[in-house]
Every structure is written in C-alpha cells, then in structure tokens.
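The values are calculated or read from the model by the stated rules, or taken from the named source; none is laboratory data. Computed from a prediction, not measured in an experiment: that's the story for all the values here. Reconstructed Cβ throughout: ideal geometry from the backbone, glycine too, with neighbour counts over all protein chains shown. Calculation scope for accessible area: heavy atoms of the full protein, side chains included, ligands and nucleic acids excluded. Shrake-Rupley method; radii C 1.70, N 1.55, O 1.52, S 1.80 Å.
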Amino acid sequence: MTLSSAQNPFNLKKDHDALLVKDVDASAKFYNEIFGLKEIPNGGLGDHIRWFELGDKIQFHLIESDELPEKQKGFHLALSTDDLDAFMEFLKSKNIHFENWPGEKGTTNTRPDGIKQIYLQDPDGYWIEVNNNRL
C-alpha cells in the first residue's frame, strides 16, 4: 500500500482545535453562552486553559496568552446549525454583530454549493463561520 493511493489509511479524525486568547474567562463565557459549548475537565493543565466539547465529541481548547495571532476572515472556525435563521435571531437579541463573507451586516451569503453562511467574531477577534450545511 502506498499512502498516495489510500484514502485516509490511518483513519484520522478531527480531535480538537485550540485558540490563544487574551482573557480565558471572557472567551469561555462567550463560547458557552453564544454557542452553547459544554465545558469539560482540562486534564489538570491549570486555570489558563479551558476545554469545551462540541456535540460530536470534538474538543475546543482556549489557552490564555499574551501572544495572539493576526485575525483574518479566511482563517476561521466553522460550525453548522440546523436552524441558521434562529441562530441569527439569537445573535441579534444579544447585539452580536455578524455579517456575510463580503462584509454586509446582518445577512447571509450563499456559497456556490448552496450552503448559507454568516461570520462573527469572538472577544479576541477570531472569525467564526456558522452555516446551514448538513454534514
């Protein structure tokens, strides 16, 4: 078997993403309250790291740091929802700015594959796409 001819021969799966954040408590509150992510034990790594779990058991880690990367919309976390319209209404009720890919406030755009999407930023300016893709 050659790796170039095999499709995922090692059965690789998504495990987690991690973001460096300025204030781990503020970011943890945002991801819990806005996205409903469940906080899970961080393995004893200290108060500067908070772990969350998505519904599909993929983990999301927040790590407090003074070194934060530059934020660009093309580098983003993407989540999907079964009810994008309700999520957009929730964001409006919380006065959370969102926009489409071109930057138009409060509306979606539709990708070439028919999926609608919006973008918002977390407290550190990281871009998050939320779309209505059915995975």
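General remarks:
- If you check 76, 16 for being under 16 Å from residue 123 (Cβ atoms) and open to solvent by 50 Å² or more (accessible area, probe 1.4 Å), only one passes: 76.
- Residue ID - surrounded by the fewest Cβ atoms within 10 Å (Cβ to Cβ), chosen from residues in region 91-120 that are of a type in the set (A, V, I, L, M) and outside any helix (DSSP H, G or I): 96
- From the options 99, 67, residue that is over 22 Å from residue 133 (Cβ atoms) and charged (D, E, K, R): 67
- Exclusive hit being at pLDDT 95 or above, out of contact with any Leu (no Cβ under 9 Å at 6 or more places or on another chain), within 19 Å of residue 18 (Cβ to Cβ) and surrounded by 12 or more Cβ atoms within 10 Å (Cβ to Cβ), set 129, 39: 39
- Entry remark, region 39-86: residues being β-branched (Val, Ile, Thr), in contact with a helix residue (DSSP H, G or I) (Cβ under 9 Å, 6 or more places away or on another chain) and not in a strand (DSSP E or B) number 1 in total.
- Criterion violated by residue 58 - all others in (1) at pLDDT 95 or above; (2) among the β-branched types (Val, Ile, Thr); (3) under 23 Å from residue 14 (Cα atoms) satisfied: (1)
- Meets criteria (more than 17 Å from residue 127 (Cα to Cα), of a type in the set (Asp, Glu) and touching a His at 6+ places or on another chain (Cβ under 6 Å)) for residue 64: yes
- Residue that is farthest from residue 27 (Cα to Cα) [pool: residues in region 84-126 that are touching a residue at least 60 places away in the same chain (Cβ under 8 Å) and out of contact with any Leu (no Cβ under 7 Å at 6 or more places or on another chain)]: 94
- Some residue of region 47-55 being surrounded by 15 or more Cβ atoms within 10 Å (Cβ to Cβ), at pLDDT 95 or above, more than 26 Å from residue 101 (Cα to Cα) and aliphatic (A, V, I, L, M): yes
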